[in-house]
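The values are calculated or read from the model by the stated rules, or taken from the named source; none is laboratory data. Worth saying up front: this structure is predicted, and the values here are computed from it rather than measured. Heads up, the Cβs are rebuilt from the backbone with ideal geometry, glycines too, and the neighbour counts pull from every protein chain shown. Side chains included, ligands, DNA and RNA excluded: accessible areas come from the protein's heavy atoms. Shrake-Rupley method; radii C 1.70, N 1.55, O 1.52, S 1.80 Å.
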Amino acid sequence: MSEKENRRAVVMRKLNEAQLNQEVVDKLDMSELDLTFSDFSEVMAERVIGDLVKMRASSLMSASFFDSEFAKADFRSCNLEHIHMVDCRMYEANFSQAILNGATITISICFDACFDDTEFSNGEVVGSSFNDGTFRRAIFKHTDAEQADFSGVDFSDAHLSESKFEKSRFCYANLSNVHAEGANFTNADFTGANLSGGIFSGADFTGANLEHTVWTGSKIDGAIFDVGVEEKIQLLL
């Protein structure tokens, strides 16, 4: 058995034992291992090192990870419903086509991460940073994203309806063709953002920074703005 195969066997054993006994796994190194098609539902772990780990099509339903590293990890097509991730670093991680309904990713760093085509409704990403990542075509409805940083993020064709984005940052983000009906963008920062073709009916932009934003072709019927702002935006549609 190779060193990597031996490491994989040890990791699988520890995770399965933790599942069975409902114990917390601490300081587990699963970096660079192939753990695809595995079931780690309800696993509880902290200080995990999971850089470059392959978890594709695995189930981590209701799992919990604290203070863990998942740089360039592969979570494509995973079932991550109700997963709980706090203070994690996930630089360039790939979550495309994953199911994240009810997921919590808070106070975490996800720079350059891919969330394309994910289902992420009824979740929470409060205080997390997703700078320069992608949420293209993602279903991101009814999610609490207060004080999150989405600067440079590509949300094109995503569904953001009824989500909370108070005090979040969208500086130079691409929100073209999004559906954001009823979204709460109060005190958010949209400096230089592209909102062209988006549907923002009933959205609340009170206190938002809308400097140099692009609104071409957007729908803002029923949206709420500070006094005098809507009139200026109407000239840009």
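Quick one: how many residues across region 1-19 are within 29 Å of the chain's Cα centre (by Cα) and either more than 16 Å from GLY50 (Cα to Cα) or open to solvent by 70 Å² or more (accessible area, probe 1.4 Å) (or both)?
Qualifying residue count, region 1-19: 5.
Tally time: how many residues in region 32-64 are open to solvent by less than 10 Å² (accessible area, probe 1.4 Å) and among the hydrophobic types (A, V, I, L, M, F, W, C)?
Number satisfying all stated conditions: 10.
Check whether at least one residue in region 212-225 is within 20 Å of the chain's Cα centre (by Cα), surrounded by fewer than 21 Cβ atoms within 10 Å (Cβ to Cβ) and acidic (Asp, Glu), and report yes or no.
No, because not a single residue in region 212-225 is within 20 Å of the chain's Cα centre (by Cα), surrounded by fewer than 21 Cβ atoms within 10 Å (Cβ to Cβ) and acidic (Asp, Glu).
Which of the residues that make up region 133-153 are open to solvent by 10 Å² or more (accessible area, probe 1.4 Å), under 12 Å from the mean Cα position of the chain (by Cα) and closer than 13 Å to PHE115 by Cβ?
Passing the criteria: THR134, ARG136, ILE139.
Which pairs turn up if I take residues in region 34-60 that are of a type in the set (Gly, Ala, Ser) and at pLDDT 95 or above and look for partners that are in a strand (DSSP E or B) and surrounded by 17 or more Cβ atoms within 10 Å (Cβ to Cβ) with beta carbon separation below 6 Å, at least 6 apart in sequence or on another chain?
Once the first residue is of a type in the set (Gly, Ala, Ser) and at pLDDT 95 or above and sits in region 34-60, its partners that are in a strand (DSSP E or B) and surrounded by 17 or more Cβ atoms within 10 Å (Cβ to Cβ) give SER41/SER59; ALA45/VAL25; ALA45/PHE65; SER59/ASN79.
Residues of region 98-115 being closer than 21 Å to SER58 by Cα and open to solvent by 10 Å² or more (accessible area, probe 1.4 Å), which ones?
ILE99, ASN101, GLY102, THR104, CYS114
Determine the pairs where a residue that is farther than 17 Å from SER161 by Cα and free of Cβ contacts under 8 Å to residues at least 40 places away in the same chain, located within region 187-214, has a partner that is charged (D, E, K, R) and buried (at least 20 other Cβ atoms within 10 Å of the Cβ) with Cβ atoms under 6 Å apart, the partner being 6 or more residues away or on another chain.
What qualifies is ASP189/ARG169; ASN209/ASP189.
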